[in-house]
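Read the structure below first, then the notes.
Any read-out appearing in this document is the output of simple, stated calculations on the displayed coordinates, not a laboratory observation. Keep in mind that this is a model prediction, so the values were computed, not measured. Glycine gets a Cβ as well: all are built from the backbone with ideal geometry, and neighbour counts include every protein chain shown.
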Amino acid sequence: MVAPSAFNLLKMKPSKTAAIIPAAGIGKRMGLSMPKQHFELAGKPILAHTLQRIEQADGIGSIILVVSANHLEWAEGLVQAYKFVKVTQVVIGGERRQDSVQAGLEALADEVELVLVHDGVRPFVPLSVIENCLHEAERSGAAMAAVPVKDTLKAVSKEQVIEQTVDRSGIWQAQTPQAARVALLKEAYAEAAKQADFTATDEAALLENIKIPIKVVEGSEKNIKITRPADLILAKAILMESQLDRTVQQNGNNFRTGYGYDAHRLVTGRSLILGGVKVSHEKGLAGHSDADVLTHALCDAILGAAGLGDIGRHFPDTDQKFKDIKSLKILEQVTAMASQKGLGLQNGDITIVAQKPKLSTYFETMRNNLASACRTDPETINIKATTTEGMGFAGREEGMAAHAVVLLRKL
């Protein structure tokens, strides 16, 4: 892993660096009536959020936006409406991602030596990740953002039977941006063209195909790719956290914000516990503890706001003393940890993602339980639930998830 670096470390002039933003997909998995990059978050299309981030990167001199032929006019209007001055061309992409990126590559100015490719539906990429990818690609030839896998991995047969546990050490989840010297990427495309059945899901795969070493720059958990309905809930939570961050900046250092997410699989033979309440349902959530996904998300949000890592760090599922522990007990300990840092809960907003059962009748008891564990008034905690209209793992009733955003205040 390459250590994070500061901004403005590039030796190249901005005129020699460019970004390609592939945004020609239609997003079938989203189930929307429009391409996912057109969907609005906080009144602005997802693609506009993404372009704004790339525009703000000092190391990027120009941007090539790649869209489908049907949405060329829309994209050109977007660029004009939001005054994206670094977007020098909007070009038509192809059927596959690699075809769209190649179209962008062919549209680069001759003087561009370093190119960064970033998904049009990753709107929250930190500027530091962009700059670090560029810097490492300039130094070593190619780089990509990625995050280490945290969850336990299982190899599963076609019959959905676990075959073995996969060692997750050294396993990273790829993200964009991915950056490379233009000459190397063009060479990779030329070789791919000779292989009739070769399809790459990202630029790193193209470069791997010609044995080019690719350095890994640590990405960000917030650098999500919006591909499924549940991702929109997460995106809104990240935006809410950003808005809270601005509030914090306006109010000095008296507040801290945090975001938490958790998901568990639904199984038979387990009680369904949410917010410390036993919910009537034919299945429960699998986990080392009582698998209270709602409480876990709140714990992670509080730990994040307090700068204390995550729930897995303090309550690992490898420790038998936490076997079947009530998650409200974990929340009490997390609250105490935050208190030791002089922080208390100002307010928390939690969303449960589940297709079934109906949960609204349990909310008041859940709020009271959480408030008691957090040593606060129930009015400071909000709980709501949503479905994914039958889509994704929650929609198929394979599991449940929860998102939480909190604001901590100095005590």
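I want the antiparallel fraction of DSSP beta bridges within the chain, as a percent rounded to 5. Can you show the working numbers first?
Details: 42 of 67 bridges.
Here the share of antiparallel DSSP bridges comes out near 65 percent.
For the chain, take the longest principal axis of its alpha carbons; what is the angle in degrees between that and the long axis of helix 46-56, to the nearest 10 within 0 to 90?
Long axis of 46-56 versus the principal axis of the chain: about 70 degrees.
Choose one of Leu294, Ala24, Gly395: the residue whose Cα lies farthest towards the positive end of the charge dipole of the chain (beta-carbon charges +1 Lys, Arg; -1 Asp, Glu; about the Cα centre).
Leu294
Could you work out the relative contact order of region 229-410? I mean the mean sequence separation of Cα pairs under 8 Å and 6+ apart, divided by the number of residues, in percent. Present the calculation step by step, with values, prior to reporting the outcome.
Working: 390 pairs, mean separation 55.6, N = 182.
Relative contact order here is 31 percent.
Which whole-number value in Å³ per residue fits the convex hull of the alpha carbons of region 14-218?
Working: hull volume 30.7 nm³, N = 205.
Spelled out: Cα convex hull of region 14-218, divided by residues, is 150 Å³.
Would you compute, from DSSP H runs of 4+ residues alone, the mean residue ellipticity of the chain at 222 nm, taking -39500 (n - 2.57) per run and dividing by the full residue count, rounded to the nearest 500?
Working: 12 runs with 133 residues, N = 411.
Per the formula, -10000 deg cm²/dmol.
When the gyration tensor of region 229-410 is built from Cα positions, what are the square roots of 5 times its three eigenvalues, in whole Å, from largest to smallest? List each step's numbers first, then the result.
Working: eigenvalues 129, 71, 41 Å².
In descending order the semi-axes read 25, 19, 14 Å.
Cα-based Rg (one decimal) and Dmax (whole number) for region 105-212, in Å?
My reading of the Cα-based Rg and Dmax gives 16.6, 53 Å.
I'd like the distance between the alpha-carbon centres of region 176-243 and region 272-346, rounded to an integer number of Å.
33 Å
Relative contact order for the chain: what percent, with Cα pairs under 8 Å and sequence separation of 6 or more? Walk me through the numbers on the way to the answer.
On the way: 872 pairs, mean separation 58.9, N = 411.
That works out to 14 percent.
Between the helical axis of 229-250 and the dominant principal axis of the chain, each derived from Cα atoms, what acute angle in degrees is found, rounded to the nearest 10?
The angle comes out at about 90 degrees.
Projecting each Cα onto the charge dipole of the chain (Lys/Arg +1, Asp/Glu -1 at the beta carbon, about the Cα centre), which of Ser157, Tyr261, Phe124 comes out farthest on the positive side?
Ranked along the dipole, the leading option is Tyr261.
Which log10 I(q)/I(0) values, to two decimals, does region 35-99 give at q = 0.15, 0.26, 0.27 Å⁻¹ under the Debye formula with one point per Cα?
These q points yield log10 I(q)/I(0) values of -0.46, -1.28, -1.33.
To the nearest µm²/s, what D does Stokes-Einstein give for the chain at 10 °C and 1.306 mPa s, using the Kirkwood radius over alpha carbon pairs as Rh? Let's see the in-between values first.
Values: Rh = 22.9 Å.
The estimated diffusion coefficient comes to 69 µm²/s.
In this model, which of Lys150/Lys215; Lys150/Lys356; Lys44/Lys86; Lys36/Lys186 are farther than 25 Å apart at the alpha-carbon? Don't skip to the end; give the middle numbers.
Values: Lys150/Lys215 20 Å; Lys150/Lys356 27 Å; Lys44/Lys86 19 Å; Lys36/Lys186 29 Å.
Checking Cα-Cα distances, Lys150/Lys356; Lys36/Lys186 exceed 25 Å.
If I fit a long axis through the Cα atoms of helix 127-140 and take the longest principal axis of the Cα atoms of the chain, what angle between them do I get, 0 to 90°, rounded to 10?
50 degrees
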